[in-house]
Amino acid sequence: MPSDVTTYELFIDGEFRESSGEERIDVEFPYDGEVWASVPDGTAADIDDAVTAARTAFEEPEWLGLEASDRRELLNEIADTIDAHASELAELETRQNGKLLREMEPQMNVLGDWFRYYGRLTDEIGDGRTVNVENKDGQMFNYVRHEPYGVVGAITPWNSPLLLASWKLAPALAAGNTFVHKPSEETPVSALRFAELLTAETSLPDGVYNVVPGAGATGAALTDHGGLDKLAFTGSTAVGREVAKKAGENLIKVSLELGGKSPNVLFPDADLDDAVNGVMKGVFAATGQTCMAGSRVLVHEDIHEEFVDLLTDRAGDIKLGDPRDPETEMGPVAFRDQWETVKHYVDAGVEEGARLAFGGEMPDELPGECFIQPTVLVDVDNGMTVAQEEIFGPVVSVITFGSEEEAIELANDVDFGLAAAIWTQDMQRANRFVESVRAGTIWVNEYRVVAPNSPFGGYKDSGIGRENGPEGLKEYYQVKSVWYDHAGEVGDPFSLDVE
Ligand code: NAD
């Protein structure tokens, strides 16, 4: 192995530990294909070690005995640590998946906000509530406790590694759980470094956050493990179904953040320049590798021609290049197999009758094997493969419609329901769209905006449950209803007391 390759191990119980297995995973910089890090491909025994450490930590007074306000302090410490290392973490993200440093730096600069937000919620709703009940002359009262599930098993994808992990870790810690994280095999380094930083620079007890890198089999070993209390998964719908089956077998709670095929809908009264910007933001930002990608653009037939001219011009101007260069607007896709997937879909679109208006090729002048031009497919029918399946690359399918009813029908005519957007000046129309489209997030005259306090998640095949907002915290605590009878008089032992 070349000397400039950094070797990482598993992170369990507050320290780096060697894997029980021999297999390792090379981490490449997708810009030029250079291997720069190596991590173990975690085994089922490694997963078992991590779950045992997380279980032990969960039961220790050092963790279980923390007050909500202590956990808030800890989450604030984590946020401060992220702030202090934001540049380093951003660089790690970029080297793993090739996303632009100019996107990852701002992302890491706001990552701490997720921990601060859930720190605040720890005070507000994490401690339960009292319930008014009609009772024995005031002699009985009821209250609700919010208690952590226990050990959370979390599996994450490669497109926004630390952001998506934090959408789980911050509410899980706020509610008092411990955590075993299996990051993507494409992007395992940032989670390992993150765990190391939290251990060194915050009061996080050992064993509360454990990281076992590895491929799909490592993830499957985690979902198979009988010692978990909750599974949290972000990834493809196909793997999400497998994770849900395992949660069903083990009868534990599961939340799933899955794929999307989101419609971005343009009406003739929209500000067209703004809408084109929104389309670019929706599908070419992050090289199209976002779950919420606006990969189906539905355009009213009256503005279709003008829109396609504008979009192809803008796509042609996008500067591809080194993701570390602040001038670069689109980097490579994250790894070679993903490039093949994207190319396969472009070819399938053309075979099924779509017209390639721009892109679809690997540019000659760039290094590595992972660049693909921003790609515009027009004359797409909503039934085509490119309009129904998630591509996860910079490929937009343009579909026309003639009426608002048709636009809504097309928007909903897909298995996914993650996000949608409408571009119009008519707010009554926007409202009809908001009410009729079955998706977890809807933007009006915007695209690709998220916040710690706003819930995010999917309808239909895009998932179960929500991340972010108070809804995201609810995914991580049990509810216990407690009754106190001060009168000490049991009523009729043969009937249910309904107070
Ligand atoms: P993926 O489903 O292939 O892999 C996700 C994770 O699951 C990886 O860590 C992988 O190693 C693991 N895994 C694979 N097989 C497994 C198995 N049998 N059991 C347990 N774990 C297994 O997804 P990906 O290619 O890494 O990521 C892209 C997908 O993620 C897209 O579908 C995208 O839409 C989705 N995504 C969704 C959201 C959201 O919030 N809804 C956010 C980002 C990405």
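The values are calculated or read from the model by the stated rules, or taken from the named source; none is laboratory data. Owing to the predicted nature of the structure, the values given are computational and were not obtained by experimental measurement. FYI the Cβ positions are ideal-geometry reconstructions off the backbone, even for glycines, and counts take in every protein chain you see. Heads up: the accessible areas ignore ligands, DNA and RNA and are worked out on the full protein's heavy atoms, side chains in. Shrake-Rupley method; radii C 1.70, N 1.55, O 1.52, S 1.80 Å.
Brief remarks follow.
- For the chain: relative contact order, % (alpha-carbon pairs under 8 angstrom, 6 or more apart): 18
- Taking amide hydrogens as placed 1.01 Å from N in the peptide plane, the amide H of Ala421 sits under 5 Å from those of Asn264, Val265, Trp443, each at least 5 positions away in sequence or on another chain.
- Remark: region 100-116, residue by residue, has Karplus-estimated 3J(HN,Hα) of 4, 4, 6, 8, 6, 5, x, 5, 6, 5, 9, 4, x, 4, 5, 6, 5 Hz, where x stands for each Gly or Pro and the curve is 6.51 cos²θ - 1.76 cosθ + 1.60 at θ = phi - 60°.
- Expressed as a whole percent, the accessible area of the chain that falls on carbon and sulfur atoms is 45 (1.4 Å probe).
- Couplings for region 17-22, taken from phi via the Karplus curve 6.51 cos²θ - 1.76 cosθ + 1.60 with θ = phi - 60°, read 9, 6, 6, 6, x, 9 Hz in order; Gly and Pro are left as x.
- Per-residue packing, averaged as other Cβ atoms within 10 Å, sorts the ranges 219-227, 327-335 into the order 327-335, 219-227, beginning with the highest.
- Solvent-accessible surface (1.4 angstrom probe) belonging to Arg145, in square angstrom, nearest 10: 100
- Contour excess over end-to-end distance, with Cα ends at Tyr143 and Glu405 and 0.36 nm allotted per residue: 89.5 nm
- Amide H contacts of Lys460 (H built 1.01 Å from N, under 5 Å, at least 5 apart or other chain): none
- Within region 69-217, percent of DSSP bridges classed antiparallel, to nearest 5: 25
- Entry note, region 1-153: relative contact order of 19 percent, from Cα contacts under 8 Å with a spacing of 6+ residues.
- Placing +1 on the Cβ of every Lys and Arg and -1 on the Cβ of every Asp and Glu, with nothing else charged, gives the chain a dipole about its Cα centre of roughly 920 debye.
- Cut-off 11 Å between beta-carbons: net charge of the residues surrounding Gly393, Lys and Arg +1, Asp and Glu -1: -1
- Cβ crowding within 10 Å averaged over residues, with 31-39, 71-79, 181-189, 16-24 ranked highest first: 181-189, 71-79, 31-39, 16-24
- Accessible surface computed residue by residue for the chain, with neighbouring protein chains in place and a 1.4 Å probe, gives 41 Å² per residue.
- Using 0.36 nm per residue and subtracting the Cα-Cα separation, the extra length available between Glu34 and Val444 on full extension is 143.5 nm.
- Between 0 and 90°, nearest 10: helix 427-436 axis offset from the chain longest Cα axis: 60
- Each residue of region 315-323 was assigned a 3J(HN,Hα) from its phi angle through the Karplus expression (A = 6.51, B = -1.76, C = 1.60, θ = phi - 60°), giving 4, x, 8, 5, 8, 8, x, 5, x Hz with x at Gly and Pro.
- Amide H contacts of Thr6 (H built 1.01 Å from N, under 5 Å, at least 5 apart or other chain): Ala37, Ser38
- Percent RCO, i.e. relative contact order, over region 328-442, from Cα pairs under 8 Å lying at least 6 residues apart: 20
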